[in-house]
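The values are calculated or read from the model by the stated rules, or taken from the named source; none is laboratory data. Quantities reported herein were computed from a predicted structural model and do not represent experimental measurements. Every residue, glycine as well, gets a Cβ built from its backbone with ideal geometry; the counts of neighbours run over all protein chains shown.
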Amino acid sequence: MAQEKKMVEEITSMEEDFAQWYTDIIKKAQLCEYSGVRGCMVIQPYGYAIWENIQKNLDARFKKTGVENVYMPMFIPENLLQREKDHVEGFAPEVAWVTHGGTEKLQERLCVRPTSETLFCEHYAGAIRSYRDLPKLYNQWCSVVRWEKTTRPFLRSAEFLWQEGHTAHATAEEAQERTIQMLNVYADFCEQELAIPVIKGQKTDKEKFAGAHETYTIESMMHDGKALQSGTSHNFGDGFAKAFGIQYLNDNNELTHVHQTSWGMSTRIIGAIIMVHGDDAGLKLPPRIAPIQAVIVPVAQHKEGVLERANALYDQLSEKFRMKLDASEKSPGWKFSEYEMRGVPVRIELGPKDIENNQAVLVSRIDRSKTFVSLDNIEEELAKMLDKIQAQMLEAAKQNREEKTSSAVTYEEFKQIVEEKGGFVKAMWCGDEACEMKIKEDTTATSRCIPFEQEQLADTCVCCGKPATKMVYWGKAY
RNA sequence: CGGGGCGUGGCGCAGUUUGGUAGCGCACCUGGUUUGGGACCAGGGGGCCGCAGGUUCGAAUCCUGUCGCCCCGACCA
C-alpha cells in the first residue's frame with residue numbers, strides 16, 4: 001500500500017505523533033477551537049454541521065422506534081442527585097455545582113447535569129400511574145457538564161453535546177428488549193452512516209454505568225490501535241424506580257415498579273470519525289454525513305464563461321447533493337489541499353478545457369483518482385462515486401480493525417500483544433473482577449466488552465488460569 | 001492530583017542567558033501580474049510582551065506573587 005503523498009506540511013503525520021496529528025486535523029479542518037473557558041471548546045460551523053447531520057439522522061431513527069423528544073432542566077438539586085446511591089458515587093467526583101443565585105447563597109446547591117437520569121426519574125414518578133401510561137419513550141438533545149481533569153477536543157471536554165434517551169417500561173423483558181434495540185440503532189447508524197464498524201457487547205460489572213444493572217456498548221477501533229466506546233445503552237432494571245418511587249397499577253390492580261433504560265451518543269463520535277477515517281492529508285468524511293459532499297473548484301476562473309458554467313453546475317447539483325462552489329481568488333492548488341484537509345469526499349474540477357469538451361473531473365478523496373465525466377450525466381456519476389466512497393470507507397475501516405485485532409491464550413502472549421501491537425485483544429476471562437484489575441495494572445488495557453459474538457478460544461482465563469466461558473475484547477481505550 | 005512545557009499582533013515563533021527604539025513567517029488590506037496540486041511583485045494596517053507588585057534613569061528581558069493553557073500519567077463518554 002503506497003503511502004499517500006502529503007501535500008501540506010502543516011499536518012503532523014500519524015506515524016510521527018498521532019495525538020498531534022489529531023489536533024492538527026481539527027485545527028486545519030476547522031472543526032473546533034479551544035475557548036477561553038477551561039476544558040470547553042468552541043464548535044465551529046463545519047464541526048457543528050457534522051453534528052447537525054448526525055443529529056438529524058439519529059433523531060429520525062429514534063422516532064421511527066416511537067421515541068419522543070423532551071427537554072429537562074440543566075440543574076439538579078443535590079438531594080435529587082443523591083437519591084440513587086451508586087449513581088451519585090459514580091458522578092460525584094466530576095459534577096460542577098451552582099452555589100449562588102445572584103449574590104445570595106442557595107439553601108441547597110444545584111449541580112449542572114452530568115446526565116439526567118434523576119430528572120427523568122422524578123418526572124416519571126409523577127407522570128406514571130397506570131400500565132396505560134407505559135411505555136414512556138423519551139429522549140433529549142442537550143449538553144452536559146463533567147468536570148474532567150484532562151480534556152481533549154471532542155473526545156473529552158468539560159461540556160459536551162449529546163442525546164440521552166430514557167425509557168420506562170412495564171416489564172423487565174420489555175426494558176431489556178429496548179436496551180438492545182437502541183444498541184442496534186447505534187450500531188447500524190455507525191456502520192451505515194459513519195462507515196465505522198463496531199463490536200457490540202456487554203460491559204463487565206467494573207465498567208458498567210453508575211446505577212445500571214447492565215450496560216451494553218459499541219466499541220470501535222481507531223487508527224492508532226486504541227479503542228473508543230462509541231455509544232452505550234443501559235438496562236436499569238427497577239433500581240432507579242425503587243429509589244425514586246416510580247410505580248404503576250398493572251391490569252391486576254397491583255402496584256408495580258417500572259423497568260427503565262437509558263442510552264446515549266455524544267459529540268465524541270466526531271472524534272471517532274476523525275480517528276477512524278483520517279489520513280495524513282487530513283480529514284475524510286463519510287459522504288452520508290459530510291456537510292459538503294462535493295466541492296466545485298473552477299480552474300482558470302477568470303476566463304470567459306468558466307464561472308457561469310460552474311454556477312450553473314452548482315445550481316443543478318445542489319438540488320440533490322450538499323454542494324459548495326469555491327469561487328474565491330485562492331489558487332486552484334490551494335483549494336485542492338483545503339478541501340482535502342476538510343475531508344470533502346469529492347472534488348469537481350471544471351476548467352476551460354472541460355467546458356470545451358462538455359465534461360468535468362471528479363476526484364475522489366479516498367485515493368485522488370480522477371474520473372472524467374460528461375456534464376450530461378454528472379448527477380448519476382457523482383451519486384455513484386459518493387456511494388462507492390461510502391462503501392470504500394467502511395471496508396477500509398473494517399480492514400484496519402481486523403489488522404488490529406488479535407487473540408491471546410496465555411498471559412505472556414496477551415501482555416506482549418498489548419505492549420507491542422496494541423489494538424483489540426480477544427481473550428478468555430473467568431468473570432472475576434480481580435483479573436480485570438490485574439490486567440489493567442499490568443498492561444493499562446481494560447475490558448472493552450463481552451461481545452455478543454462469542455468464540456471459545458480456550459477453556460481457561462487468560463489471567464488466572466481458572467475455568468472461563470466468556471471471551472472478552474481487551475484494549476487500551478480513549 | 002503527580003511530572004513536564006508554554007504565555008510576545010489573528011496563528012506559529014524569535015528576542016529573555018548579558019535590561020537600552022518590539023521583530024520574523026503565515027494570515028489580513030490596496031494595486032498589478034497569475035490560476036489543472038497551498039502563485040508572484042510592490043505598498044499598507046495591526047501588539048499594555050498573561051496579570052499584579054517590586055528593583056532600575058530605563059523591564060518582554062531581573063525579583064516576588066498570581067492566573068491561564070497545552071502535553072504525559074492516575075480518573076472518566
Point to revise | Neighbours by Cβ (under 6 Å, 6+ apart or cross-chain): first from region A:232-255, within 17 Å of A:GLU117 (Cβ to Cβ); second of a type in the set (D, E, K, R) and at pLDDT below 95 | key: A:PHE240/A:GLU84; A:ALA243/A:ARG83; A:ALA243/A:GLU84; A:PHE244/A:ARG83
Check your understanding: A:LEU81: more than 26 Å from the chain's Cα centre (by Cα), among the hydrophobic types (A, V, I, L, M, F, W, C) and more than 12 Å from RNA strand B (Cβ to nearest atom), yes or no?
Key -> yes
**Study point:** Pairs, first crowded, with 17+ Cβ neighbours inside 10 Å in region A:173-191, second acidic (Asp, Glu), C-beta under 9 Å, six or more apart
**Key:** A:ALA175/A:ASP238; A:GLN176/A:GLU214; A:THR179/A:GLU214
**Study point:** Close pairs from region A:138-152: first within 6 Å of RNA strand B (Cβ to nearest atom), partner acidic (Asp, Glu), Cβ under 9 Å, at least 6 apart
**Key:** A:ARG146/A:GLU94; A:ARG146/A:GLU159; A:GLU148/A:GLU94; A:LYS149/A:GLU94
Exercise for review: Say whether the condition of being more than 16 Å from RNA strand B (Cβ to nearest atom), farther than 25 Å from A:MET222 by Cα, in the same structural domain as A:GLN181 (by TED's automatic domain parsing) and surrounded by fewer than 18 Cβ atoms within 10 Å (Cβ to Cβ) is met by at least one residue in region A:48-60.
Suggested key: yes
Check your understanding: Residue check: is A:THR446 free of Cβ contacts under 8 Å to residues at least 60 places away in the same chain and hydroxyl-bearing (Ser, Thr, Tyr)?
Key -> no
Check your understanding: Being more than 6 Å from RNA strand B (Cβ to nearest atom) and over 21 Å from A:GLU304 (Cβ atoms), is that true of even one residue in region A:351-363?
Key -> yes
Exercise for review: Find the residue count for region A:33-48, including only residues that are under 16 Å from A:GLY271 (Cβ atoms) and small (Gly, Ala, Ser).
Suggested key: 2
**Study point:** Residue satisfying all of: in region A:70-117; at pLDDT below 90 and of a type in the set (Ser, Thr, Tyr); nearest to A:GLN163 (Cα to Cα) among these
**Key:** A:THR99
Review point. Regarding A:LYS303, is this residue touching a residue at least 40 places away in the same chain (Cβ under 8 Å), of a type in the set (Lys, Arg) and either within 26 Å of A:ILE270 (Cβ to Cβ) or near RNA strand B (Cβ under 9 Å from one of its atoms) (or both)?
Key: yes
Exercise for review: Please state which of the following conditions A:LEU106 fails to meet, knowing it meets all the rest: (1) in contact with a strand residue (DSSP E or B) (Cβ under 7 Å, 6 or more places away or on another chain); (2) part of a helix (DSSP H, G or I).
Suggested key: (2)
Practice item. Give me the pairs, please: first residue somewhere in region A:256-282 and at pLDDT 95 or above, second residue anywhere and more than 11 Å from RNA strand B (Cβ to nearest atom) and among the acidic types (Asp, Glu), beta-carbon distance under 8 Å, and either six or more positions apart or on two chains. Key: A:HIS257/A:ASP238; A:VAL258/A:ASP238; A:HIS259/A:GLU174; A:HIS259/A:ASP238; A:GLN260/A:ASP238; A:SER262/A:GLU117
Study note, to complete from the structure: When every residue in region A:438-478 that is out of contact with any strand residue (DSSP E or B) (no Cβ under 6 Å at 6 or more places or on another chain) and of a type in the set (A, V, I, L, M, F, W, C) is compared, the one farthest from A:ALA227 (Cα to Cα) is A:CYS464
Exercise for review: Taking the options A:LYS320, A:LYS324, A:LYS353, A:LYS330, name whichever one is within 23 Å of A:HIS302 (Cα to Cα), assigned to a loop (DSSP other than H, G, I, E, B) and not aromatic (Phe, Trp, Tyr).
Suggested key: A:LYS330
Check your understanding: Restricting to region A:383-437, what's the tally of residues that are assigned to a helix (DSSP H, G or I), over 27 Å from the mean Cα position of the chain (by Cα) and surrounded by 20 or more Cβ atoms within 10 Å (Cβ to Cβ)?
Key -> 2
Review point. Quick check: anything in region A:339-346 assigned to a helix (DSSP H, G or I), away from RNA strand B (no atom under 15 Å from the Cβ) and either hydroxyl-bearing (Ser, Thr, Tyr) or surrounded by fewer than 20 Cβ atoms within 10 Å (Cβ to Cβ) (or both)?
Key: no
